[in-house]
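The values are calculated or read from the model by the stated rules, or taken from the named source; none is laboratory data. Just so we're clear, the structure is a prediction, and the values are computed from it rather than from any experiment. All Cβ positions, glycine included, derive from the backbone under ideal geometry; neighbour counts span all protein chains shown.
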Amino acid sequence: MATDRTSPEPAARARSRHPLLHLGLLAGAVIMLYPLLWLASSSIKPTNLIFSDPGLWPREIDLSHYAAGWNGVVAPFSQFFINSAIIATGAVIGNLVACSMAAYAFARLNFRFKRLWFGLMLATIMLPTHATLIPQYILFLNFGWVNTFWPMIVPKFLATDAFFIFLMVQFIRGIPRELDEAAMIDGCGPISIYWRIILPLMLPALVTTAIFTFIWTYEDFLTPLVYLTDMALYTVPQGLRLFMASTGESAWGPLMAMSLLSLVPVFVIFLIFQRLLIEGISTTGIKG
């Protein structure tokens, strides 16, 4: 009589690893979330306890930091949120329009020196921002755009973010060309194919581009610092910097409170679009 010699040990070992894996992930999550939890705790502590009491649970609660921070140093902090929203919205629209059109041209259209231009476009990814900062500043100064939002919005409508062009090119290459051919039989030209066929199918890549553009523009400190001199035009990162005093005492409580509030738009956008974001990143990474 044959006996079943199949051992349950591998399955048992696999099951025993699950609690350890979960504990490891939980420990990693605590390490990643600790700075955020400390920020939230510090925002409701009295100023004298922010650094003297490192615990996450405050011994005393002081909510006045939010009112003081929202009223701002030189302007209401709501003005900084509005300025950041204007710049980020313009940048998102510009990247979605310009980068999708450039990606469609590289992925579907045929023109002279296509490979050369595509290679040059990819080479700009390796070009440091600081290398073009001074020439761009001189150009925008001659345009009279310094101390306005235009230097942070207009370049986005010229497809200057090569990373997003490449991301969309990879996505479009995964769309069957048979759809283009069927549209051409129905009388569609390149523009109609882009608008009616390609663009609706690019939704995950468009959402990924929009989210990353919003986050990078919203969190950008250097570009507004270079071009904006009027405090009424400052963005959120610059507004937070106003709470830091180079001489004298910094307003740590309002700084912690406004820093926590400044994270809210990023969290909300990520929570709403996380499914499409993950889908866009995963699909663009495997296209040939």
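Select from segment 203-222 the residues that are in a helix (DSSP H, G or I) and surrounded by fewer than 18 Cβ atoms within 10 Å (Cβ to Cβ) and list them in ascending order.
Passing the criteria: Leu203, Ile215, Trp216, Leu222.
Have a look at Phe164, Phe157 and point out the one that is closer than 25 Å to Met121 by Cα, out of contact with any strand residue (DSSP E or B) (no Cβ under 7 Å at 6 or more places or on another chain) and surrounded by 19 or more Cβ atoms within 10 Å (Cβ to Cβ).
Phe164
Taking the options Arg108, Arg115, Arg173, name whichever one is basic (Lys, Arg) and without any contact (Cβ under 8 Å) to a residue 12 or more places away in the chain.
Answer to the check: Arg115.
Would you call Ser84 closer than 30 Å to Leu261 by Cα and either among the hydrophobic types (A, V, I, L, M, F, W, C) or loosely packed, with under 15 Cβ neighbours inside 10 Å (or both)?
So Ser84 fails the test.
For segment 36-46, state whether one or more residues are loosely packed, with under 11 Cβ neighbours inside 10 Å and farther than 22 Å from Arg241 by Cβ.
Among the residues of segment 36-46, not one is loosely packed, with under 11 Cβ neighbours inside 10 Å and farther than 22 Å from Arg241 by Cβ, which makes the answer no.
Considering segment 118-155 alone, what residues qualify as being touching a residue at least 24 places away in the same chain (Cβ under 8 Å) and among the β-branched types (Val, Ile, Thr)?
Thr124, Ile125, Thr129, Val146, Thr148, Ile153, Val154 - these are the residues of segment 118-155 that are touching a residue at least 24 places away in the same chain (Cβ under 8 Å) and among the β-branched types (Val, Ile, Thr).
Is segment 147-156 home to any residue that is of a type in the set (D, E, K, R), more than 17 Å from the chain's Cα centre (by Cα) and assigned to a helix (DSSP H, G or I)?
No: segment 147-156 contains no residue that is of a type in the set (D, E, K, R), more than 17 Å from the chain's Cα centre (by Cα) and assigned to a helix (DSSP H, G or I).
In segment 53-84, what residues are touching a residue at least 40 places away in the same chain (Cβ under 8 Å) and not in a loop (DSSP other than H, G, I, E, B)?
Ser64, His65, Tyr66, Ala68, Gly69, Trp70, Phe77, Gln79, Phe80, Phe81, Asn83, Ser84
Which residue pairs have Cβ atoms closer than 8 Å, lie 6 or more positions apart in sequence or on different chains, and pair a first residue in segment 178-198 that is more than 13 Å from Ser100 (Cα to Cα) and assigned by TED's automatic domain parsing to the domain that holds Leu109 with a second residue that is among the polar types (S, T, N, Q) and part of a helix (DSSP H, G or I)?
Taking only residues 6 or more apart or on different chains, the pairs are Ala183/Ser192.
Do we have Ala105 as assigned by TED's automatic domain parsing to the domain that holds Ala183, more than 16 Å from Val154 (Cβ to Cβ), out of contact with any Asp or Glu (no Cβ under 7 Å at 6 or more places or on another chain) and surrounded by 11 or more Cβ atoms within 10 Å (Cβ to Cβ) here?
yes
Within segment 96-143, take every residue that is basic (Lys, Arg) and assigned to a helix (DSSP H, G or I) and give me the one that is nearest to Trp195 (Cα to Cα).
Only one residue fits best here, namely Arg108.
Among what's in segment 58-81 and is loosely packed, with under 12 Cβ neighbours inside 10 Å and touching a helix residue (DSSP H, G or I) at 6+ places or on another chain (Cβ under 7 Å), pick the residue that is farthest from Leu39 (Cα to Cα).
Of everything passing the filter in segment 58-81, Val74 is farthest from Leu39 (Cα to Cα).
For segment 179-202, which residues satisfy the criterion of being surrounded by 13 or more Cβ atoms within 10 Å (Cβ to Cβ) and of a type in the set (Asp, Glu)?
Hit for segment 179-202 is Asp180, nothing else.
Residue by residue, here is whether (1) within 26 Å of the chain's Cα centre (by Cα); (2) modelled with pLDDT of 90 or more holds:
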{"residue": "His22", "(1), (2)": "no, no"}
{"residue": "Val30", "(1), (2)": "yes, no"}
{"residue": "Trp38", "(1), (2)": "yes, yes"}
{"residue": "Ser41", "(1), (2)": "yes, yes"}
{"residue": "Ile44", "(1), (2)": "no, yes"}
{"residue": "Phe51", "(1), (2)": "no, no"}
